[in-house]
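Only one structure is covered here, and it is reproduced in the block below.
Every number here is computed from the coordinates shown, using simple stated rules; none is lab data. Nothing here was measured: the structure is a model prediction, and the numbers come from that model. Don't worry about glycine lacking a Cβ; one is built from the backbone with ideal geometry, like all the others, and counts go over all protein chains shown.
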Amino acid sequence: MSRVCESSGKRTHSGGSIARRGLPKKKGGVGLKTTGHTKRTFKPNLQTVRCVMPDGTVERLKLATSVIKRGMIELERGGKTMRFPLVKATRKPKAERTEG
């Protein structure tokens, strides 16, 4: 499965990290020197959430925590954009699940 938020589309991005040494001029040094550049990745904070969909079914969605905090989900399904509030699905207690 890809590391992409199903609502906002947030995904892994690449960037760089700069290693520096020395004492900054404002702290009395001669300045910072760059000693290297390395590639790194920035990953979104994705969580798998069991959501109640507008038609009453329960689906697992990979959502960014920013979407979970917002409380509104915007999904594209079948060429249409659905916007609905986030309602987390709860499981029944184990005793009720095993009966039947």
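A compact table of results
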{"read-out": "Inter-label distance, nm, simple model (7 Å from Cα along the C-beta direction), Lys43/Lys92", "value": "3.6"}
{"read-out": "Farthest toward positive dipole pole in the stretch 15-100 [+1 Lys/Arg, -1 Asp/Glu at C-beta], among Ala89, Thr57, Leu46", "value": "Leu46"}
{"read-out": "Gyration tensor verdict on the stretch 13-89 (Cα atoms; rounded if a/c is under 1.5, prolate if a/b is larger than b/c, oblate otherwise)", "value": "prolate"}
{"read-out": "Total formal charge among the other residues, if their Cβ is under 11 angstrom from that of Thr35, Lys/Arg +1 and Asp/Glu -1", "value": "+3"}
{"read-out": "Relative contact order of the stretch 13-89, pairs being alpha-carbon contacts under 8 Å that are 6 or more residues apart, as %", "value": "22"}
{"read-out": "Candidates Pro44, Pro54, Pro24, ranked by Gaussian network fluctuation over the chain, Cα under 10 Å, top entry", "value": "Pro24"}
{"read-out": "Helix-derived mean residue ellipticity, 222 nm - over the chain, DSSP H n ≥ 4, -39500 (n - 2.57), to 500", "value": "-2500 deg cm²/dmol"}
{"read-out": "Which listed pairs, of Lys43/Lys88; Lys10/Lys88; Lys62/Lys94; Lys25/Lys69, have C-alpha distances above 32 Å, in listed order", "value": "Lys25/Lys69"}
{"read-out": "Residue-count net charge about Thr81 - beta-carbon cut-off 15 Å; Lys, Arg +1, Asp, Glu -1", "value": "0"}
{"read-out": "Electrostatic dipole magnitude of the chain [Cβ: Lys, Arg +1; Asp, Glu -1; Cα centre; debye, to 20]", "value": "920"}
{"read-out": "Exposure proxy order (Cβ contacts within 10 Å, fewest to most) of Val30, Val67, Val49", "value": "Val30, Val49, Val67"}
